[in-house]
Amino acid sequence: MRIAADPHEIEAVAWDALLAASPSPTPFLRHAFLCALHDSASAVPDTGWTPCFATLEHDGALVAAAALYLKTHSYGEYVFDWAWADAWERAGQPYYPKLLGAVPFTPVPGSRLLAIDDAARAALVDGIEQFARAQQLSSVHLLFLDEADQRATNEQGWLERSTVQFHWRNRTSQPYRDFDDFLASLTRDKRRKIAQERRYVREAGVTLQTLPGDRITDEDWDFFYRCYVRTYREHRSTPYLTREFFEQMAREMPEHWLLFIARHGDERIGCSLLALDPQQHVAYGRYWGALEQVRCLHFEACYYAPIDWCIANGYARFEGGAQGEHKMARGLEPVRTYSSHWLAHPAFADAVARFLEREGAGVEAYVDELEQRSPFKRLTP
């Protein structure tokens, strides 16, 4: 196994071939995406993300790999371990730097341990653990894993944690014909609420323009970034991604982006940006921002217009991102996501294991409760 301090040290063709062979590939683990995060200074040592990409070779061929980062904080991860860090620091031990296996700022489930087979994946997990021990790190965290990753880490004795996201799913046997057909599958109160919220936007004189990636101009990207930054400032925070990141995406991965621009007459007042996987027919949401306050525009730009677009274009799923129980009222349903954790100190690992047992029972009860509050009139196939 080798550790690369820069994703450019790994051959793009070999990396992407390994990703394509994995059970749950996503655009966010493409070599170009990870390099853009690095080149744009979005995920680099100065922002607390030091690349330590692991590669496993056999007879000169790449057989397994993982995008890993040494982290000096827990921002931009969406699986929260601040309490663990605080407890370990209060015990007089350094929690940071820790080793993280994830796509920075991207809470999308998928393959994290890219491998040609289960044996290579198991060897990669073992190699990652050995690297963490050699570097005397407190812990390793692999986030938003697929089932193959879960099996590999479970067999190694890592701790498992689950969280909940909300996804919209198209019907499989008989996909929705249009947005009205989707509405008809919801309970009466949800149908009325959604119709009312969409009407507020229309009555305000606001329309949405839809731009696929190859039609998004530099001016459009500039407007989007202005809105994106404004959202962070309204929350007294700093944007994770730089303008240069989106510039690189526009140049190297245009087919993976979809922009909705809200217009009031000739004036642009807001927008939302979705990521797309055209091969898997999955949309991921979203970055959002507005320069004017319009009642329910957020719901229209971030949920209803994307779902409408997914139906019209035969997409199977729209993943609404991390958290947000309010998304259920917009037709999204709860989905379990999983992460795996290795902690070096046995007593600390035991304490976290007990915590995860209690937390897991709470998540189970929470999911059961959410499923009882399904917005759908009936289970759709």
Assess whether residue 146 counts as being surrounded by fewer than 18 Cβ atoms within 10 Å (Cβ to Cβ) and out of contact with any strand residue (DSSP E or B) (no Cβ under 7 Å at 6 or more places or on another chain).
-> no
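Residue by residue, here is whether (1) among the basic types (Lys, Arg); (2) surrounded by fewer than 18 Cβ atoms within 10 Å (Cβ to Cβ); (3) in a helix (DSSP H, G or I); (4) touching a residue at least 12 places away in the same chain (Cβ under 8 Å) holds:
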{"site": "160", "(1), (2), (3), (4)": "no, yes, no, yes"}
{"site": "164", "(1), (2), (3), (4)": "no, yes, no, yes"}
{"site": "172", "(1), (2), (3), (4)": "no, yes, no, yes"}
{"site": "191", "(1), (2), (3), (4)": "yes, no, yes, no"}
{"site": "197", "(1), (2), (3), (4)": "no, no, yes, yes"}
{"site": "202", "(1), (2), (3), (4)": "yes, yes, yes, no"}
{"site": "210", "(1), (2), (3), (4)": "no, yes, no, yes"}
Answer residue from segment 149-158, given it is of a type outside the set (Ser, Thr, Tyr) and assigned to a helix (DSSP H, G or I) and is surrounded by the most Cβ atoms within 10 Å (Cβ to Cβ) among those | 149
Any chance you could count how many residues in segment 347-380 are more than 17 Å from residue 187 (Cβ to Cβ), over 22 Å from the mean Cα position of the chain (by Cα) and at pLDDT below 95?
-> 1
For residue 341, the lone unmet condition from (1) under 24 Å from residue 280 (Cβ atoms); (2) surrounded by 20 or more Cβ atoms within 10 Å (Cβ to Cβ) is (1)
Which residues, counting only those in segment 174-189, are aliphatic (A, V, I, L, M) and surrounded by 16 or more Cβ atoms within 10 Å (Cβ to Cβ)?
-> 183, 186
When every residue in segment 295-326 that is assigned to a loop (DSSP other than H, G, I, E, B) and modelled with pLDDT of 95 or more is compared, the one farthest from residue 231 (Cα to Cα) is 314
Cross-chain or 6+ apart pairs with Cβ under 9 Å, segment 77-95 first and in contact (Cβ under 8 Å) with a residue 12 or more places away in the chain, then surrounded by fewer than 12 Cβ atoms within 10 Å (Cβ to Cβ) and among the acidic types (Asp, Glu) | 95/86
In segment 72-94, residues that are under 18 Å from residue 162 (Cβ atoms), surrounded by fewer than 16 Cβ atoms within 10 Å (Cβ to Cβ) and not aromatic (Phe, Trp, Tyr) total 1
Test: residue 146 is within 24 Å of residue 70 (Cβ to Cβ) and assigned by TED's automatic domain parsing to the domain that holds residue 356 | yes
Provide a single number: the residues in segment 215-248 that are in contact with a strand residue (DSSP E or B) (Cβ under 9 Å, 6 or more places away or on another chain) and of a type in the set (D, E, K, R).
-> 5
Which condition number does residue 105 fail, the rest of (1) closer than 24 Å to residue 161 by Cα; (2) of a type outside the set (D, E, K, R); (3) not in a loop (DSSP other than H, G, I, E, B) being met?
-> (3)
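The values are calculated or read from the model by the stated rules, or taken from the named source; none is laboratory data. Everything numeric in this text was worked out from a predicted model, so none of it was measured. Here the Cβ is made from the backbone with ideal geometry for all residues, glycine too, and neighbour counts use every protein chain on show.
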